[in-house]
Amino acid sequence: MGLLPWVFPAMLVLAALGILLSGRDLAQAFMDLERETEGGAGLVRHPLMPWAQRGVSLLLVAASIERIASHFMQRRPVPTPTLTWAFLAYWLTTVVTPAVFGAHPQISHEYAYSMLFGLAATLCAEADSDRIVAWSRDALFLYMLAGMALVPVMPSLVLDTAYTQGLLPGLPRFGGLASHPVMMGMLTQTALLLLWTHPFGRRWLNVAAWTLGLGVLFLAQSKTAWVAFLLSATLLVIVRRTPQAVQRLGDPRHNSFGVLALFACIAAVLALLGAVLVVDVPGLVFDYFDTSEGAQLVSMTGRDRIWMVAMAEWHNYPVFGYGPQLWDAEYRQSIAMPNATHGHNQFIDTLARCGSVGAAGLVVYALVLLVLSVRYARATRGLSVAIFATLALQSISEIPLLLAGYGTDLFTHVLLLVVLAGAAAGRQRPAAAEAEPLAPRPLRSAP
């Protein structure tokens, strides 16, 4: 079976343990960042955490080397060489080059973890992929359940009671055992996608998991996660149902289905016309943008200031970027933005951190992921395009493709690599069986 499936639950356990032992007050998260940038005492790291992190690091390295060595010792073909080479090129352009040639170079052994982990993921067989997806699904729901269990016991650890930008005034924001409610929301919607494509074997367990997942997704109050789940769910329905629907529309034995589909289209068009003609939609939109919430939406909740700083760094260091130390505590203090822990946009952050070389690597890598996700959409029951859509949408305001170190930020990214590699390996198996030559039969002598 190998050790690689254990790495995904281990990352969640490490993240949960770090939050549990930190004694944080989620409502004071911004103040903790401000104290850190000012040289004060932020969150105190528990002495157990360095040892726990070393243990997970050893597991990750051992599991990755075991997977890579086993693959090549058995002389198995690489599931999709395009994915493997694209990942290695992305790691070189966004990790190695800024660390060596950036304006502020910094070399660390931690940069090798993501390379080993990602390379091992691209070599997964179909059975490995299914096992990793199942274990990741189980671990994510246990991760959510543990956070919910702490609500009555340690509410300040898992709830942001100072949050005021939600749909329901006064409703605390649930962060669980994640670093931030946004991360909790994104991990939750990933878990729901895994549950959709790989449900549990028992009905009551599926019902309980859907109830838990949707509840946590709502309480996390992450609009990015909500939109990502709706978009991903739509893609799943399209991939899994569209071929059947098209077949039924053209089948004379299912006339009622075609009539219902036609009426649904007519109703949708009439509803849209009614909204445009009866309701002053443009006026409502402009009125909303005049409110404080609308102004925050236009500026992406203040992220436009961070983007301006990032673009300025790219103009200063256009080729290899600022380097890996961008957005550390010292840098955030120099720009008076304690909450700017990253560039809040994958492309802009890569431009500033890694320069034009890293941005080019990101574009090529993203295109490869897109093409392969669409190519293997049917083979993965829509999971590949759903996860890609999740990462793409998250990239607008977060940096889900960052390869510095490892942790929950890397979870969904590497999971996509596993899913794509497993689907590609599954296609190689029947192709190899068809290409197997027939054993020659002995010639019969003439009587």
Check your understanding: So which of Ser70, Ser156 is in contact (Cβ under 8 Å) with a residue 24 or more places away in the chain, touching an Asp or Glu at 6+ places or on another chain (Cβ under 6 Å) and farther than 30 Å from Ala359 by Cα?
Key -> Ser156
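Return the residues of the range 172-191 that are in contact with a Leu (Cβ under 9 Å, 6 or more places away or on another chain), of a type outside the set (A, V, I, L, M) and either assigned to a helix (DSSP H, G or I) or within 15 Å of Pro400 (Cβ to Cβ) (or both); say none if nothing qualifies.
Step one: filter the range 172-191 for residues in contact with a Leu (Cβ under 9 Å, 6 or more places away or on another chain), giving 172-178, 180-181, 184-185, 187-191.
Then drop every residue that is not of a type outside the set (A, V, I, L, M), which leaves 172-176, 180-181, 185, 188-190.
Across the range 172-191, the qualifying residues are His180, Pro181, Gly185, Thr188, Gln189, Thr190.
What residue, among those in the range 328-360 that are farther than 30 Å from Phe388 by Cα, part of a helix (DSSP H, G or I) and among the small types (Gly, Ala, Ser), is modelled with the highest pLDDT?
Step one: list which residues in the range 328-360 are farther than 30 Å from Phe388 by Cα, which gives 329-338.
Now narrow it down to the ones that are part of a helix (DSSP H, G or I): 329-334.
In the following step, the residues that additionally are among the small types (Gly, Ala, Ser) were identified as 329, 334.
Working: Ala329: 82, Ser334: 87.
The residue in question is Ser334.
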Check your understanding: Failed condition for Glu126, given (1) modelled with pLDDT of 95 or more; (2) surrounded by 15 or more Cβ atoms within 10 Å (Cβ to Cβ); (3) more than 26 Å from Gly361 (Cα to Cα), with all others met?
Key -> (1)
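Residues are listed down the side, and each one gets a yes or a no for (1) within 19 Å of the chain's Cα centre (by Cα); (2) polar (S, T, N, Q); (3) under 14 Å from Thr93 (Cα atoms):
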position: His315; (1), (2), (3): no, no, no
position: Arg332; (1), (2), (3): no, no, no
position: Ile335; (1), (2), (3): no, no, no
position: Phe347; (1), (2), (3): yes, no, yes
position: Gly358; (1), (2), (3): no, no, yes
position: Phe388; (1), (2), (3): yes, no, no
Review point. Which of the residues that make up the range 366-388 are in a helix (DSSP H, G or I) and surrounded by 21 or more Cβ atoms within 10 Å (Cβ to Cβ)?
Key: Leu369, Leu372, Ser373, Leu383, Ser384, Val385, Ala386, Ile387, Phe388
Review point. Going through the range 192-217 one residue at a time, which ones are in a helix (DSSP H, G or I), more than 23 Å from Ile399 (Cα to Cα) and of a type outside the set (Gly, Ala, Ser)?
Key: Leu195, Trp196, Thr197, Arg203, Trp204, Leu205, Asn206, Val207, Trp210, Thr211, Leu212, Leu214
**Study point:** Close pairs (7 angstrom Cβ cut-off, 6 or more residues apart or separate chains): closer than 17 Å to Met11 by Cβ in the range 385-409, of a type in the set (Phe, Trp, Tyr) and assigned to a helix (DSSP H, G or I) anywhere
**Key:** Leu403/Trp91; Ala404/Tyr111; Gly405/Tyr113; Tyr406/Tyr113; Tyr406/Phe117
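Which residue out of Arg35, Arg75, Arg45 is part of a helix (DSSP H, G or I), among the basic types (Lys, Arg) and modelled with pLDDT under 95?
The conditions single out Arg35.
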**Study point:** In the range 69-87, residue surrounded by the most Cβ atoms within 10 Å (Cβ to Cβ) [restricted to those that are of a type in the set (Val, Ile, Thr) and over 15 Å from Met115 (Cα atoms)]
**Key:** Thr80
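Can you name the residue in the range 155-183 that is of a type in the set (A, V, I, L, M) and within 18 Å of Ser395 (Cβ to Cβ) and, of all such residues, is surrounded by the most Cβ atoms within 10 Å (Cβ to Cβ)?
Initially, the range 155-183 is screened for residues of a type in the set (A, V, I, L, M), giving 157-159, 162, 167-168, 171, 177-178, 182-183.
Add one more test, that the residue is within 18 Å of Ser395 (Cβ to Cβ), and what stays is 182-183.
Details: Val182: 20, Met183: 23.
Filtering the range 155-183 for residues that are of a type in the set (A, V, I, L, M) and within 18 Å of Ser395 (Cβ to Cβ), the one surrounded by the most Cβ atoms within 10 Å (Cβ to Cβ) comes out as Met183.
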Review point. When you go through (1) over 13 Å from Ser397 (Cβ atoms); (2) out of contact with any Gly (no Cβ under 7 Å at 6 or more places or on another chain) one by one for Gly343, which number turns out not to apply?
Key: (1)
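Would you point out which residue out of Asp349, Asp328 is closer than 20 Å to Tyr111 by Cα and surrounded by fewer than 23 Cβ atoms within 10 Å (Cβ to Cβ)? Outline the logic, then answer.
Working: Asp349 fails: surrounded by fewer than 23 Cβ atoms within 10 Å (Cβ to Cβ).
It is Asp328.
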Review point. Of everything in the range 134-171 that's in contact with a Pro (Cβ under 8 Å, 6 or more places away or on another chain) and outside any helix (DSSP H, G or I), which residue is nearest to Gly213 (Cα to Cα)?
Key: Leu159
Revision key, fill the gap. Only one of Gln106, Gln28, Gln53 is over 18 Å from Thr412 (Cβ atoms), at pLDDT below 95 and not in a helix (DSSP H, G or I), namely Gln106
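The values are calculated or read from the model by the stated rules, or taken from the named source; none is laboratory data. Everything quoted here is computed from the prediction, not taken from an experiment. So basically every Cβ, Gly included, is an ideal-geometry build from the backbone, and we count neighbours across all protein chains shown.
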